[in-house]
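The values are calculated or read from the model by the stated rules, or taken from the named source; none is laboratory data. Everything numeric in this text was worked out from a predicted model, so none of it was measured. Neighbour counts run over all protein chains shown; Cβ positions are idealised from the backbone, glycine included. Note: areas computed on protein heavy atoms with side chains; ligands, DNA, RNA excluded. Shrake-Rupley method; radii C 1.70, N 1.55, O 1.52, S 1.80 Å.
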Amino acid sequence: MLGDMIPFRIIGNLYFVGTYGASSHMIDTGKGLILIDAGYEETADVVIESLETLGYDVKDVKYILISHGHDDHSDGVPKLVARSGAKVFMHEADNRYLKGFLPDVYLKDGDTVRLGNTEILCLHTPGHTAGVMSFFFNVTDGESTYRAGMFGGAGVNQLKKAYLDKKGMLPLSWRADYLASLERLRGERVEVFVGNHSWNNRTREKFEQMQADPTVNPFINRDEWGIFLDKCEAKLENMIETESRETFVNYAHRGASEYMPENTFLSFYNGIAMGANGIETDVRRTADGKLILFHDSTLERVTDGQGRVDEHTYAELMSLNVEKNGFYDKIVTLEEFLQRFAFRELTFAIELKGAGVEEETAELLRKYGMEKKTFVTSFNLEYIRKFKEYAPEFRVGYLTKEIDGELLSELRALGVDELCPKASEITPEKVRAWHRAGFNVRAWGVDSEETMRRVYDSGANGMTVNFPDKLTEYIKNAVGGRE
Ligand code: G3P
Ligand code: CA
């Protein structure tokens, strides 16, 4: 809201010149002014007026430091620079958000910005965005000097999967970056906590306290910084936990394969009818190059045919029946599957079963607009690597039995967003640790109702299950279930 805060001196040469929704701070260095954050485009005039109200002139702003590139911190820059000619400092990773300008100076971790009596230490603390910078500097008030500090990007709602999807399939690993940044920030001593949103440090309430009793400055508080960082951590964990319940995916594994011929329309439709909100299926190639949905490399277990799948043409395979419990259906191609299901509000786990299907699978998924509703998975890291090369905009998951720290680092480097552990390996403690490491957690190998319940209760984000009806029922009755 325009002009909804009265500009005021926080302490010494540090002033608040922003709005409730978009904080801006000014430091009078004696040799010109430094502005931290520019606010929205439409609130840049409030910053200019606030400076004037305090007896300053926007022309004296020499440097503008941007904590991160979101619009509420950076969009005011062009207007403020037009009036001041100030140099703009920001981390390069956030250029993607900027409208109508580029920074003059790219900040890096550990940089120091000096002007007049002020030296600002700039720490790269990514998470909220990839380019978040946090700022630390001394403020002198009378005889006393205090260390002031700002965490440049504390909000966790921007780390929800839906938000990251919307903003360009940004990596879930930013959550791990955020936690690492909190750890780093805990190492800084802060006596005056500067909020980059007014609700972070209760700017307005403290201003009112100062008005009521000018003898006490509530901004001087040696505990507030640590308490705030702890709250940030708790909020992130709470967000991840809530998300895992609200968006939990009950994937019909090869459809409702406990009851129907697996990986057929009969199985997929039954899965949906049983309340599954996701479908898992397997992609492999026929001898004549068609992508079909089939789990095994050979035909015997589920069809009336014999031999290797990849040694049969599509026409030959179409003459076979897939059977389960006396029900029969035909093998389905990936494209036929996408024609029937891509438009539905479902999440898809598309497993790459054979080598050499990566590029064509990517093209088909792209053709049907599957980016925001799919995890492409495999037990084979090489298939994932290749798929990601062809389609970096898709989220990928790794199916595995064994997980250690080395694997997590490798997966992160490959841009893998989902960890798919065997259901028997899952515990609430491990799920929490994997979430904190920046992964979605989706289990496979759910072989009993007891395991199904355990996986759901562990806080995982989803599971593939042959009997989605039982999972639907369990979720419905679980505390905080979907219905
Ligand atoms: O959830 C993935 C699961 O399908 C992996 O096992 O043998 O069914 O492909 P599998
Ligand atoms: Ca599978």
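Checked against the criterion of being of a type outside the set (D, E, K, R) and at pLDDT below 95, the candidates G438, G480 yield just one match: G480. Please find, within the stretch 369-390, the residue that is farthest from R344 (Cα to Cα) out of those that are part of a strand (DSSP E or B) and not small (G, A, S). The residue in question is T377. For first residues located in the stretch 318-341 and without any contact (Cβ under 8 Å) to a residue 40 or more places away in the chain, partners that are hydroxyl-bearing (S, T, Y) and in a loop (DSSP other than H, G, I, E, B) and lie 6+ apart or on another chain with Cβ distances below 6 Å form the pairs L338/Y368. Scanning the stretch 407-426 for residues that are assigned to a helix (DSSP H, G or I) and more than 16 Å from ligand 2 (Cβ to nearest atom) turns up L407, L408, S409, E410, L411, R412, A413, L414, S424, E425. If you go through the stretch 457-476 and pick out every residue that is part of a helix (DSSP H, G or I), away from ligand 2 (no atom under 16 Å from the Cβ) and not aliphatic (A, V, I, L, M), you end up with 7.
Residues of the stretch 155-191 that are open to solvent by 10 Å² or more (accessible area, probe 1.4 Å), part of a loop (DSSP other than H, G, I, E, B) and within 28 Å of N217 (Cβ to Cβ): G155, G187, E188, R189, E191. Scanning the stretch 340-351 for any residue that is open to solvent by 70 Å² or more (accessible area, probe 1.4 Å), within 16 Å of ligand 2 (Cβ to nearest atom) and either of a type in the set (G, A, S) or part of a loop (DSSP other than H, G, I, E, B) (or both) turns up nothing. Pairs are defined by a Cβ separation below 9 Å, a sequence spacing of at least 6 or placement on different chains, a first member in the stretch 131-151 that is under 12 Å from T118 (Cα atoms) and in the same structural domain as L229 (by TED's automatic domain parsing), and a second member that is of a type in the set (V, I, T) and open to solvent by 30 Å² or more (accessible area, probe 1.4 Å); the pairs so defined are N138/T145; V139/T145.
Any residue that is away from ligand 1 (no atom under 16 Å from the Cβ), free of Cβ contacts under 8 Å to residues at least 24 places away in the same chain and among the hydrophobic types (A, V, I, L, M, F, W, C) - is there at least one of those in the stretch 235-253? No; the residues of the stretch 235-253 include none that is away from ligand 1 (no atom under 16 Å from the Cβ), free of Cβ contacts under 8 Å to residues at least 24 places away in the same chain and among the hydrophobic types (A, V, I, L, M, F, W, C).
Can you find a residue that is away from ligand 2 (no atom under 16 Å from the Cβ), surrounded by fewer than 15 Cβ atoms within 10 Å (Cβ to Cβ) and either in a strand (DSSP E or B) or at pLDDT 95 or above (or both) anywhere in the stretch 395-402? No, because not a single residue in the stretch 395-402 is away from ligand 2 (no atom under 16 Å from the Cβ), surrounded by fewer than 15 Cβ atoms within 10 Å (Cβ to Cβ) and either in a strand (DSSP E or B) or at pLDDT 95 or above (or both).
Figure legend. Inter-residue proximity from the stretch 267-288: first residues over 16 Å from W444 (Cα atoms) and away from ligand 1 (no atom under 16 Å from the Cβ), second residues open to solvent by less than 10 Å² (accessible area, probe 1.4 Å) and modelled with pLDDT under 95, beta-carbon distance below 7 Å, spacing 6+ or different chains. No pairs are indicated.
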